[in-house]
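The values are calculated or read from the model by the stated rules, or taken from the named source; none is laboratory data. What you see is a predicted model, and the numbers here were worked out from it, not measured in a lab. Note that we place each Cβ from the backbone using ideal geometry, even for glycine, and neighbour counts take in every protein chain shown. Please note that ligands, DNA and RNA were not included when accessible areas were found on the heavy atoms of the full protein model with its side chains. Shrake-Rupley method; radii C 1.70, N 1.55, O 1.52, S 1.80 Å.
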Amino acid sequence: MAFKITDACILCGSCEYECPNQAISEGKDAYIIDPAKCTECVGAFDKQQCAEVCPEGAPIPDPDHKETKDQLLAKYYKLHPDKKPK
């Protein structure tokens, strides 16, 4: 499932630079994760980078955007066709 950023966000920006899919952008009161681009870092990393670097623990799984690991990997390859194994 995609991640979302809670209101615990302190707008530090550390998560934005760690996202391999450029799914994170600055919003008015908190950073925002685009669920169409979030793959939970499947395909790029073993752990969700936004959650790893956030000092407040603001990024959490978004229950409104449930996806299997296979779906997340397919989304990653759609975003990064050059990374897809041949």
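A few points about this structure:
- Yes/no for LYS28 being more than 10 Å from the chain's Cα centre (by Cα) and open to solvent by 50 Å² or more (accessible area, probe 1.4 Å): yes
Each row is one residue, and each column tells you yes or no for (1) under 18 Å from TYR31 (Cβ atoms); (2) in contact with a Leu (Cβ under 7 Å, 6 or more places away or on another chain); (3) in contact (Cβ under 8 Å) with a residue 24 or more places away in the chain.
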position: GLN49; (1), (2), (3): yes, no, yes
position: PRO55; (1), (2), (3): yes, no, yes
position: ASP62; (1), (2), (3): yes, no, yes
position: LYS69; (1), (2), (3): no, no, yes
position: PRO81; (1), (2), (3): no, no, no
position: LYS86; (1), (2), (3): no, no, no
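- Pairs with Cβ under 7 Å, 6+ apart, first in the range 1-28 and of a type in the set (Phe, Trp, Tyr), second assigned to a loop (DSSP other than H, G, I, E, B): PHE3/CYS38; PHE3/GLU40; PHE3/GLN48; PHE3/ASP62
- Set ILE5, ILE60: member being over 25 Å from LYS84 (Cβ atoms), open to solvent by 40 Å² or more (accessible area, probe 1.4 Å) and aliphatic (A, V, I, L, M): ILE60
- Residue in the range 8-20 that is crowded, with 18+ Cβ neighbours inside 10 Å and more than 13 Å from the chain's Cα centre (by Cα) present: yes
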